[in-house]
Amino acid sequence: MAAAVITGGTDGIGRALATTYLDRGHHVLIVGTDPAKGAAFRAEAHRRGAGERAHFLAADLSLVAENRRLIDHVATHHPAVDLLVLGARYHRSTRAETADGLESNFALFYLSRHLLSHGLLPQLRRAERPVVLNFGAVGQGGPVRWDDLQLRRDYPGTGALGHGGALCDLLAAHLAHLHPDVHQVVNHPGVTATGFAGEYDPATAAHVDRLRVHGKPVSTAVAQILPHLDAPGPGLTAVLEGRRVRTDTPAFDLVAARRLHAVTEQLLAAL
Ligand SMILES: NC(=O)c1ccc[n+]([C@@H]2O[C@H](COP(=O)([O-])OP(=O)(O)OC[C@H]3O[C@@H](n4cnc5c(N)ncnc54)[C@H](OP(=O)(O)O)[C@@H]3O)[C@@H](O)[C@H]2O)c1
């Protein structure tokens, strides 16, 4: 039976993708921190007659150990994974560190996705046509701060998400190169009216309120990405608001992608 694993599946675009794949007959495991949202998903699935295929795991994916727990959970319960969606995010206007001592956006937006996309390769490889959907910057994230990946100096506020997205572009490029049998789709949905989970200073909160009103509906963001999940190109597919864009650009540079991989593995080894 086909299975989809969706981080950030309790809300926003991830939640809508979860319902879509439930309706397509998949087993769907959503991951988030809020058990009430997980219970609501399961209740909705039950109403749709798909209760036995709806699964929820509560996990704080900003922590390395929690990502490893999710990988173990999937290995036990979902031997083959057709679709891995890397969508969890939580924005903070002010820099914060996790219990692992890592900058929180770096940990959740990038490092979690590194751990999961590598750690779940065995399950992805057992699927007939595996796809990883990563929400990245698709070239819109600005330069990588190689000397300050965890944004210790001049924390950029909302720019921290763009920086994490730029790291995810490189992660997807590296994975597509190393494992061409697992399709990598990196997507920037454009401003979409979701919950925008986060802790914001007053100015950013006012801005986010406007985005919640003026962003495109979640259904539009999902409709723009589904065709690319259904028929991804070989290797890396990059999608900006539904439009496929070139990947022979600095955002997906393989030398930079290898460098990021090496730095990340060093960091993990030191933890
Ligand atoms: N919305 C936009 O305008 C927009 C624009 C560009 C890119 N994107 C990208 O699209 C993706 C989906 O965004 P969205 O707006 O749909 O998200 P959202 O509605 O803000 O939802 C965020 C999700 O992340 C989960 N999450 C937050 N902290 C977590 C943690 N520590 N551990 C595990 N899960 C956690 C939340 O689950 P709980 O509440 O259960 O913790 C929730 O499911 C993200 O990668 C985002 O960066 C969105």
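Every number in this text was worked out from the coordinates using simple rules, so none of it is lab data. No experiment lies behind these values; they were computed from the predicted model shown. Reconstructed Cβ throughout: ideal geometry from the backbone, glycine too, with neighbour counts over all protein chains shown.
When you look at residue 29, is it touching a residue at least 12 places away in the same chain (Cβ under 8 Å), in contact with a strand residue (DSSP E or B) (Cβ under 6 Å, 6 or more places away or on another chain) and not in a loop (DSSP other than H, G, I, E, B), yes or no? Working first, answer last.
On the way: touching a residue at least 12 places away in the same chain (Cβ under 8 Å): yes; in contact with a strand residue (DSSP E or B) (Cβ under 6 Å, 6 or more places away or on another chain): yes; not in a loop (DSSP other than H, G, I, E, B): yes.
It is true that residue 29 is touching a residue at least 12 places away in the same chain (Cβ under 8 Å), in contact with a strand residue (DSSP E or B) (Cβ under 6 Å, 6 or more places away or on another chain) and not in a loop (DSSP other than H, G, I, E, B).
Residues that are surrounded by fewer than 18 Cβ atoms within 10 Å (Cβ to Cβ) and closer than 19 Å to residue 15 by Cβ were ranked within the range 223-241; the one that is farthest from the chain's Cα centre (by Cα) is 223.
From the list 141, 136, 162, pick out the single residue that is touching an Asp or Glu at 6+ places or on another chain (Cβ under 6 Å), within 12 Å of the ligand (Cβ to nearest atom) and of a type outside the set (S, T, N, Q). Give the steps one after another, and end with the answer.
Values: 141 fails: touching an Asp or Glu at 6+ places or on another chain (Cβ under 6 Å); 162 fails: touching an Asp or Glu at 6+ places or on another chain (Cβ under 6 Å).
Residue meeting the stated conditions: 136.
Give the residue that is nearest to residue 19 (Cα to Cα), with candidates limited to residues of the range 198-243 that are in contact (Cβ under 8 Å) with a residue 40 or more places away in the chain and among the hydroxyl-bearing types (Ser, Thr, Tyr). Taking the candidates together, the pick is 219.
Listed by position, the helices (runs of 4 or more DSSP H) contained in the range 109-206 that have at least 2 residues being closer than 19 Å to residue 257 by Cα are 112-119, 159-178. Scanning the range 246-271 for residues that are surrounded by fewer than 16 Cβ atoms within 10 Å (Cβ to Cβ) and not in a helix (DSSP H, G or I) turns up 246, 248, 249, 271. Out of the range 53-71, which residues are within 12 Å of the ligand (Cβ to nearest atom), out of contact with any Asp or Glu (no Cβ under 7 Å at 6 or more places or on another chain) and in contact (Cβ under 8 Å) with a residue 24 or more places away in the chain? Correct list: 56, 57, 58, 61, 62, 67, 70.
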